[in-house]
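Just below is one structure, and these are the notes that go with it.
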Amino acid sequence: MKILIIHNSYSQQGGEESVVAFQQKLLEENGHQVNLYSRDYDEMKKWWFGRIGGFFSTVFNPRSIKDLRRIIRVFQPEVAILHNLFPIISPAIIPFLKKNNIRTVQILHNYRLLCPIGTFFTNGQICEKCIGKGREWHCLINRCNGGSFFQSLSYTFRHLIVRKFGYFKSVEKFIALSHFQKTKLVSNGFDDSKIAVIPNSFFSTITETIPFENRTYIGFVGRLSREKGILDFIHLASLMPDVEFRVAGKKSSFIANAFIPENIKFEGFLGVTQLKDFYSNAKVIVFPSRWYEGFPMTLLEAFSCMTPVIVYNLSVMPEIVEDGKEGFVVEVGDTQKIREKIACLLTDEKTWTKLSENSRNKYLTTYSVQSYYHKFMLVISKNSNY
């Protein structure tokens, strides 16, 4: 099958870029011809209008149409896999692809079809105002993107116009990453029959497991920001001064003024091999995310290294981590309960071993590469009813 993957990459490479690379490699290894059409957020730095131009390119970018017209003529794809289209590529390509008889499948990495900034998180808390009365104007009123008035206005208008133009109505199939995400879409007017649920996966090399007694610390992996719960993790470390805590992630200005206890160590950004070692040597990964995650790869990466995870009872997290099976699920903000669970895992080798084995088994079955590929092909194949 000839497959066109389309993605507008971010200025900072993240989870979406990893999924795009994973998809391309997986499809090519299974004999498909893949063409990746990618444009970079940093292109706007070269534009005369700068970020102002991003508003117009979101609504319609003639270069994207021109590029795709050439690709269709030469490559002749059967299906287009859409990832991020903002702010340069533009969702205006969707009706164009349909007009050229190219089936389209949209991967929903976040909640941007309902929320202008895609996170349902603003001013330190979950917010769903943009799916209610007033819709996108709340993004401007609350300055949801954390920037200037003009930036908020840009997010508001581009989301409003794209929704009014109905670009995404031309999408043949949507792939949600969780049942939670699908429920949000269906409850806000999206057609249930057009949305398939396929959790993320990734390539992982199975290596020798680090035993219980050699795992020495409590780990955190991710962006050091409020929505990711880094402040909760720091507070947790202060509650357990005799336990070693470590953080894998680029240090940010957000925690510059936070009190950092002596038992917490910041490892900084880690490469693939280093990160795998980080997971493998952790007794447990604490993932105290406070927003509606799309599908956090941190959880799967921990599972593949046989490392239990503790998460909040929010959005997709309890779908991935079953309480008492691959780790524990606690209520949002309950660091005392997390402390109790950690204390248990530090001393109870039998419980830890059970959770550890369950984690690896879940990765190898529910989230395996083979399972992902099978479901993915069912969705993108012609006349699919999946």
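Electrostatic bookkeeping for F328 treats Lys and Arg as +1 and Asp and Glu as -1; over the other residues with beta carbon under 14 Å from its beta carbon, the sum is -1. Under the convention that each Lys and Arg Cβ holds +1 and each Asp and Glu Cβ holds -1, the size of the dipole of region 212-365 around its Cα centre is about 340 debye.
Arrange the following residues from fewest to most other Cβ atoms within 10 Å of their Cβ: H138, H159.
Arranged by neighbour count, lowest to highest, H138, H159 become H138, H159.
Above 30 Å, the calculated P(r) of the chain contains 42 percent of its Cα-Cα pairs.
For the chain, relative contact order (Cα pairs under 8 Å, six or more residues apart, normalised by length) works out to 13 percent.
Using the Cβ of G219 as centre and a radius below 13 Å, the other residues enclosed give a net charge of +1, where K and R count +1 and D and E count -1. Note on the chain: with charges restricted to the Cβ of Lys and Arg (+1) and Asp and Glu (-1), its dipole about the Cα centre is near 1960 debye.
Taking the Cα centre of region 52-143 as reference, the dipole from Cβ charges on Lys and Arg (+1) and Asp and Glu (-1) amounts to some 300 debye. Going by neighbour counts of Cβ atoms within 10 Å, the residues D277, D191 line up, fewest first, as D191, D277. Across region 226-256, the residues whose backbone nitrogen lies under 14 Å from the label position 7 Å along the beta-carbon direction of Q274 are 247-251. Remark: for residue pairs K173/K251; K276/K362; K2/K98; K184/K362, the C-alpha separation exceeds 27 Å in K173/K251.
Projecting the Cα atoms of H235, T216, S18 onto the charge dipole of the chain (Cβ charges, centred on the Cα centre) puts S18 farthest toward the positive pole.
Ordering F165, F149, F233 from the fewest to the most neighbouring beta carbons within 10 Å gives F149, F165, F233. Toward the positive end of the charge dipole of region 132-172, with +1 on the Cβ of Lys and Arg and -1 on the Cβ of Asp and Glu, the farthest Cα among G132, S170, N145 is that of G132. A full extension of the chain between F203 and L239 corresponds to an added length of 9.4 nm, given 0.36 nm per residue minus the alpha carbon distance. The convex hull built on the alpha-carbon positions of region 212-365 has an orientation-averaged projected area of 8.1 nm².
Fraction of C-alpha pairs exceeding 13 angstrom in region 148-190: 67 percent, rounded to a whole number.
At 20 angstrom or more along the helix axis (alpha-carbon based) and mean Kyte-Doolittle of -0.5 or higher, what helices does the chain contain? Whole DSSP H runs only. Membrane-span-like by this criterion, though nothing is claimed about a membrane: 15-29, 149-165.
With N as its number of residues, region 133-291 has a Cα radius of gyration that, divided by 2.2 N^0.38 Å, comes to 1.37. What is the calculated FRET efficiency for D40 to R143, with r their C-beta to C-beta distance and R₀ = 22 Å, to the nearest 0.05? The pair D40/R143 has a calculated efficiency of 0.25.
No lab work stands behind these numbers, since they all come straight from the coordinates. These numbers were taken from a predicted model, which means no experiment stands behind them. Please note: Cβ atoms are built from the backbone with ideal geometry, for glycine as well, and neighbour counts cover all protein chains shown.
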